[in-house]
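Participant: Encoded as structure tokens, here's the structure I'll be asking about.
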Amino acid sequence: MRIGILTGGGDCPGLNAVIRAVVKRAVLKGHEVYGLKKGWRGLLNKDYEKLTLDSISGILHKGGTILGSSRTNVYKEENGEAVAKRSMEEMGLDALVAIGGEDTLGVASKLYKAGVNVVGVPKTIDNDLNATDYTFGFDTAVNIATEAIDRLHTTAESHNRVIVVEVMGRHAGWIALHSGIAGGADIILIPEKPFDIEEVCQSLKNRHARGKSFSIVCIAEGAKIKTEEATDKDGSFVLSSLKKDSFGHVALGGIGNIIAEEIEKRTGFETRATILGHIQRGGTPSAFDRVLGTRFGVFAADLVDKGEFGKMASLQGKDIVSVNIEDAVGVLKTVDDEIYEMATTFFG
Ligand code: F6P
């Protein structure tokens, strides 16, 4: 078979581990693999190159993706589906491995229904994809955010400050929750739990009244504040940047600054904000993500080899199993009440 492989959406540590594993396994089974450049755009534009064992040598530990990525949405392009199918034919591709999150796999699911042979691999630092316990990239992002919180602790303590650290997490607060627990944040704010700014300030005041001279607030970029001036129907601030990508997502980032200003005003505690942003996505993947990416990649190549299309590699417990791509998209995996409630034990 001639197999196309692409990486779509935000890049993520571990993508190269997956590419390497798919190519190695597929080549060993007698297939040819072609890398499509910049996600779905590479398919539409027939921008591709053959991947050999040489092309994947030395990439396991590297961040980013050797194929490049984009947020191109096939279904937002004119005749996108027809163009994609024609491109497959013209490139002589029999199957595709799509590595991506909700958006990329959403396109994969639709293309499969339209008759394209697709297999999916779940990727996102946000860990918000359904039908898999973990996505690769999440562990690395959590480690980076945890190290940042550790570092912010010492400077916050030295200067008797509150430091608000904003981490990624558009719809789900997994990174904030895990890094906040691991880093010992004094408050964790996530999109799933709209918060009352006055309660946050009161909790900080109580902590300082107990003799603590500093605090760390860990907030997900998509966290929502309960406020009378709320401009969004679900109670969130509408932030300055309203630029949207082709999947309709607004560029987030900045709630940390707003909250820091509000905390300083309401408590009188000197407050600073740190926005980690794309630092969480860049650089070398953790050992866990290299292993998970490798297992996903090998499994995906085997799915193609067996002709099991419309499926996605998924981690369930300690096993990699196959699920329908369709089951992974549509509904996001958000933070459940139980684990958030556990985390509140350490608030204030
Ligand atoms: O989807 C992963 C993610 O990292 C989100 O947490 C974040 O909102 C978004 O990507 C940022 O993407 P961009 O690369 O478009 O700034």
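The values are calculated or read from the model by the stated rules, or taken from the named source; none is laboratory data. This structure is a prediction, so every number in the text was calculated from the model and none was measured. A quick note on method: Cβ atoms are made from the backbone with ideal geometry, for glycine too, and the neighbour counts reach across all protein chains shown.
Participant: How about the stretch 143-186: which of its residues are more than 14 Å from the ligand (Cβ to nearest atom), aliphatic (A, V, I, L, M) and assigned to a helix (DSSP H, G or I)?
Facilitator: Matches in the stretch 143-186: ALA148, ILE149, LEU152, ALA156, ILE181, ALA182.
Participant: Against the condition buried (at least 21 other Cβ atoms within 10 Å of the Cβ), more than 18 Å from PHE138 (Cα to Cα) and among the basic types (Lys, Arg), how does LYS306 come out, does it pass?
Facilitator: On the way: buried (at least 21 other Cβ atoms within 10 Å of the Cβ): no; more than 18 Å from PHE138 (Cα to Cα): yes; among the basic types (Lys, Arg): yes.
No; evaluated as a whole, the condition is false for this residue.
Participant: Going residue by residue through the stretch 78-86, is there one that turns out to be in contact with a strand residue (DSSP E or B) (Cβ under 7 Å, 6 or more places away or on another chain) and of a type in the set (Val, Ile, Thr)?
Facilitator: Checking the stretch 78-86: not a single residue is in contact with a strand residue (DSSP E or B) (Cβ under 7 Å, 6 or more places away or on another chain) and of a type in the set (Val, Ile, Thr).
Participant: Follow-up question, since we're still on this one. Answer yes or no: is there a residue in the stretch 248-256 that is away from the ligand (no atom under 16 Å from the Cβ), modelled with pLDDT of 80 or more and outside any loop (DSSP other than H, G, I, E, B). Can you show your working first?
Facilitator: Pass one, the stretch 248-256, residues away from the ligand (no atom under 16 Å from the Cβ): none.
No, every residue in the stretch 248-256 fails to be away from the ligand (no atom under 16 Å from the Cβ), modelled with pLDDT of 80 or more and outside any loop (DSSP other than H, G, I, E, B).
Participant: Can I ask one more? For LEU60, only one of the following conditions fails: (1) surrounded by fewer than 17 Cβ atoms within 10 Å (Cβ to Cβ); (2) more than 16 Å from the ligand (Cβ to nearest atom); (3) touching a residue at least 40 places away in the same chain (Cβ under 8 Å). What is its number?
Facilitator: For LEU60, the exception is condition (1).
Participant: Turning to a different aspect of this structure: Which one of ALA328, ALA300 is within 20 Å of the chain's Cα centre (by Cα) and within 16 Å of the ligand (Cβ to nearest atom)? Working first, answer last.
Facilitator: Values: ALA300 fails: within 16 Å of the ligand (Cβ to nearest atom).
Going through ALA328, ALA300 in turn, just one is within 20 Å of the chain's Cα centre (by Cα) and within 16 Å of the ligand (Cβ to nearest atom): ALA328.
Participant: Could we say that VAL200 is modelled with pLDDT of 95 or more, more than 16 Å from the ligand (Cβ to nearest atom) and in a strand (DSSP E or B) here? Steps first, answer last, please.
Facilitator: Working: modelled with pLDDT of 95 or more: yes; more than 16 Å from the ligand (Cβ to nearest atom): yes; in a strand (DSSP E or B): no.
Spelling it out, it is not the case that VAL200 is modelled with pLDDT of 95 or more, more than 16 Å from the ligand (Cβ to nearest atom) and in a strand (DSSP E or B).
Participant: Considering only residues that are within 16 Å of the ligand (Cβ to nearest atom) and in a loop (DSSP other than H, G, I, E, B), look in the stretch 257-285 and name the one that is farthest from THR155 (Cα to Cα).
Facilitator: Filtering first and then ranking leaves PRO285.
So that you can scan it fast, the table gives a plain yes or no per residue for (1) within 13 Å of the ligand (Cβ to nearest atom); (2) within 26 Å of ASP302 (Cβ to Cβ); (3) without any contact (Cβ under 8 Å) to a residue 60 or more places away in the chain:
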| residue | (1), (2), (3) |
| --- | --- |
| ILE56 | no, yes, yes |
| LEU67 | no, yes, no |
| THR72 | yes, no, no |
| TYR75 | no, no, yes |
| GLU102 | yes, yes, no |
